Amino acid sequence: MSQAFVKESEEQWLHEIAPTLPALVIYLTRENNGIRVYEKEHLVDPKTGKDVYRMSNGLSYSKDSEGRWCII
């Protein structure tokens, strides 16, 4: 059987998804029971220079030093 489909019982963690904004949106929407999560604001952290994405679920996300998504 194709590995293209993830079984419902196989959980995926935030740090495991691709480091792209569309992948983050898809992941967050799936975690939000299918209710679409979208980008509300894009900022650059003045201390670190990293991109920060404020999402409609009320949380902000950025990438760590290894390029993986994390909640900030």
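The values are calculated or read from the model by the stated rules, or taken from the named source; none is laboratory data. Source: prediction; values computed, not measured. All Cβ positions, even for glycine, are placed from backbone atoms using ideal geometry, and neighbour counts span all protein chains on display. For accessibility, only protein heavy atoms count, side chains too; no ligands or nucleic acids. Shrake-Rupley method; radii C 1.70, N 1.55, O 1.52, S 1.80 Å.
Beta carbons within 10 angstrom, averaged per residue: use that to sort the peptides 23-32, 62-71, highest first.
Working: 23-32: 16.2, 62-71: 12.8.
With the highest mean Cβ count within 10 Å placed first, the list reads 23-32, 62-71.
How large is the accessible surface per residue of the chain, computed with a 1.4 Å probe and reported in Å² as a whole number?
Numbers: 5580 Å² over 72 residues.
Accessible area per residue, the chain: 77 Å².
Keeping all protein chains in the complex and leaving out DNA, RNA and ligands, what accessible area do you get for residue 17 with a 1.4 Å probe, in Å² to the nearest 10?
About 10 Å², rounded to the nearest 10.
Hey, what did the chain get for relative contact order, percent, Cα under 8 Å, at least 6 apart?
24
I'm a student and want to see the number: the projected area of the Cα convex hull of the stretch 14-71, averaged over all directions, in nm².
On the way: hull surface 14.8 nm².
Hull-based average projected area comes out at 3.7 nm².
Could you please report the charge total around residue 15, scoring K, R as +1 and D, E as -1 over all other residues with beta-carbon less than 14 angstrom from its beta-carbon?
Combined, the nearby Lys, Arg, Asp and Glu give -3.
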